[in-house]
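So the structure is just underneath, and the comments pick up after that.
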Amino acid sequence: MVEICQPGKNLSLDESMVLWRGRLNFRVYIKNKRHKYGIILYVLTEPDGLILNMSVYTESLDSAGGKGHTKKVVLGLMKNHLNYGHSIFMDNFYVSVDLAK
């Protein structure tokens, strides 16, 4: 997407769960969600909703799992947008001292 679109200063990073009831190795179950089974997507977007980058959470298949998972997710989604002066808006799930450095 970087080749055809120059994103603005403000970017948003969030996760979404896509409903999935079929069989998958990386299907997730979250008890308190409306859709209890699904696939978790991490998405980097512009404020108008244009998706710049996306990553699928694959749990055991993903090298980003475990300690420092959120930092790896954020840096992975931002790899083509670092050092360009972007402001990133995200919820407290992604905030850490290590990431702020």
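The values are calculated or read from the model by the stated rules, or taken from the named source; none is laboratory data. The model shown is predicted, which means the values in this text are computed figures rather than measured ones. We place every Cβ from the backbone using ideal geometry, glycine too, and count neighbours over all the protein chains shown.
Observations
- Filtered residue count, region 82-97, keeping only those that are modelled with pLDDT under 85 and surrounded by 15 or more Cβ atoms within 10 Å (Cβ to Cβ): 1
- Tallying residues that are among the acidic types (Asp, Glu), more than 16 Å from the chain's Cα centre (by Cα) and modelled with pLDDT of 85 or more within region 1-54 yields 1.
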